[in-house]
Amino acid sequence: MNPFLVILVLQLQFFWIMIETRAKELISDIHKTLMQNNLKLSNIERKQYNFEFTAALGKDSVKIQVYFGKKGVKKVIQGNANSELYKKVESNINLQQEIEFKSPGIDSSNYIGSDESGKGDVFGPLVIAAFYCDKSIEKKLISFGVRDSKELSALQIDSIAGKLKKNFSDRFSVSVITPAKYNSLYSHFKNLNKMLNDLHQSTIQSLLSRHSCQTVIVDKFSREEIKLGKNIAGRNLDIHYVEKAEQYLGVAAASIIARDEFNNWFKRLEFELPKGANNGIEGALRKLVENYGANGLANFVKLHFKNIKAFTENIR
């Protein structure tokens, strides 16, 4: 046989073994996770192109499958999508095809990732989170379903953030800047990017006091030059400002924790407020003014937004 053909066959066999091994690891991790949720589970079975098991809650049951093939690994839930069981299982499983987390040109074996949530929302806090990541926990993070929080539902964020906080309580730092505090800080900085620089810096600094590492990866939040202060840079850190930095597991974990804290602020309210910066904003503002007065807006709203300034000027 042609030696080049032999090498090709061996490479294909090795690739197939790697994909199948990954699928087996995933189905095992999912099985262990669901077992902690008091569900009745069958044993894992290997089929021709997938591993699978069933989960039951009362009279409901669903089948969890992890397929392996040339396109990678794919997770599937079969059952009634409207059932309580299906939703419970879905909240613990990231159904999207696995992403390969890359580290182009950056030593990501040991680093702190930093991200924020709420920057573009009229209502609610600004939350900055930092997460310390190294090779020893990467598989665990992937098994939790860690990825960019923008690709996850609120239910998934709640579930994954809970696991991160429970299992890695010493690996993250989070700063929740309530609207009242946000408005006070903004009146001091008078520039959102400068304020973000300071908040990322202090959140990262808190984590550096607990973990020793040289690399920091910050999700780039501005087109302008970003530069953290000397009390971090003075430690000779290798700081990277990266667009779409959630490709790094540590930054993705930080984004989930930040979004979860952002969502929790809204959950604690006794009334509903819209997220974002457009739909339903004016109606919500008028209700707040009716209940709390114009001065009370500062406890719920980021006042420097242009549409908020226009609104407040019109009610004077």
Kindly provide the set of residues from the range 194-216 that are within 13 Å of G113 (Cα to Cα) and not in a helix (DSSP H, G or I), ordered by number. H211, C213, Q214, T215, V216
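Go through N295, N278, N291 for me and flag whichever is under 27 Å from the mean Cα position of the chain (by Cα) and free of Cβ contacts under 8 Å to residues at least 12 places away in the same chain. Please lay out each step first, then the result.
Working: N295 fails: under 27 Å from the mean Cα position of the chain (by Cα); N291 fails: under 27 Å from the mean Cα position of the chain (by Cα).
Just a single option satisfies the conditions, and that option is N278.
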Spans of strands (runs of 3 or more DSSP E) in the range 50-139 with at least 2 residues at pLDDT below 85: 60-69, 72-78
Just give me the residues in the range 48-80 being of a type in the set (A, V, I, L, M, F, W, C) and over 24 Å from the mean Cα position of the chain (by Cα), in sequence order. F51, F53, A55, A56, L57, V62, F68
Residues satisfying the stated conditions in the range 166-180, i.e. without any contact (Cβ under 8 Å) to a residue 24 or more places away in the chain and in a helix (DSSP H, G or I): K166
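Is it the case that some residue within the range 42-50 is surrounded by 18 or more Cβ atoms within 10 Å (Cβ to Cβ), over 29 Å from K150 (Cα atoms) and among the hydroxyl-bearing types (S, T, Y)? Spell out the reasoning first.
Applying the first criterion (surrounded by 18 or more Cβ atoms within 10 Å (Cβ to Cβ)) to the range 42-50 yields 50.
Going one step further and asking which of them are over 29 Å from K150 (Cα atoms), we end up with none.
Looking through the range 42-50, none of the residues is surrounded by 18 or more Cβ atoms within 10 Å (Cβ to Cβ), over 29 Å from K150 (Cα atoms) and among the hydroxyl-bearing types (S, T, Y).
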Among the candidates G162, G145, residue that is at pLDDT below 90 and over 30 Å from F311 (Cα atoms): G145
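Has the range 153-160 got any residue that is in contact with a Cys (Cβ under 8 Å, 6 or more places away or on another chain), assigned by TED's automatic domain parsing to the domain that holds R259 and surrounded by 17 or more Cβ atoms within 10 Å (Cβ to Cβ)? It would help to see each step written out before you state the result.
So in the range 153-160, the residues in contact with a Cys (Cβ under 8 Å, 6 or more places away or on another chain) come out as none.
No: the range 153-160 contains no residue that is in contact with a Cys (Cβ under 8 Å, 6 or more places away or on another chain), assigned by TED's automatic domain parsing to the domain that holds R259 and surrounded by 17 or more Cβ atoms within 10 Å (Cβ to Cβ).
Restricting attention to the range 184-198, which residues are touching a residue at least 40 places away in the same chain (Cβ under 8 Å) and either touching a strand residue (DSSP E or B) at 6+ places or on another chain (Cβ under 6 Å) or buried (at least 18 other Cβ atoms within 10 Å of the Cβ) (or both)?
Hits for the range 184-198 are Y186, L196.
Let's see how each residue does on (1) crowded, with 17+ Cβ neighbours inside 10 Å; (2) more than 27 Å from I204 (Cβ to Cβ); (3) at pLDDT 90 or above; (4) not assigned by TED's automatic domain parsing to the domain that holds G145:
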| position | (1), (2), (3), (4) |
| --- | --- |
| G234 | no, no, no, no |
| L237 | yes, no, no, no |
| K244 | no, no, no, no |
| A252 | yes, no, yes, no |
| E261 | yes, no, yes, no |
| N278 | no, yes, no, yes |
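The values are calculated or read from the model by the stated rules, or taken from the named source; none is laboratory data. Predicted, not measured: the structure shown is a model, and the values here were computed from it. Every residue, glycine as well, gets a Cβ built from its backbone with ideal geometry; the counts of neighbours run over all protein chains shown.
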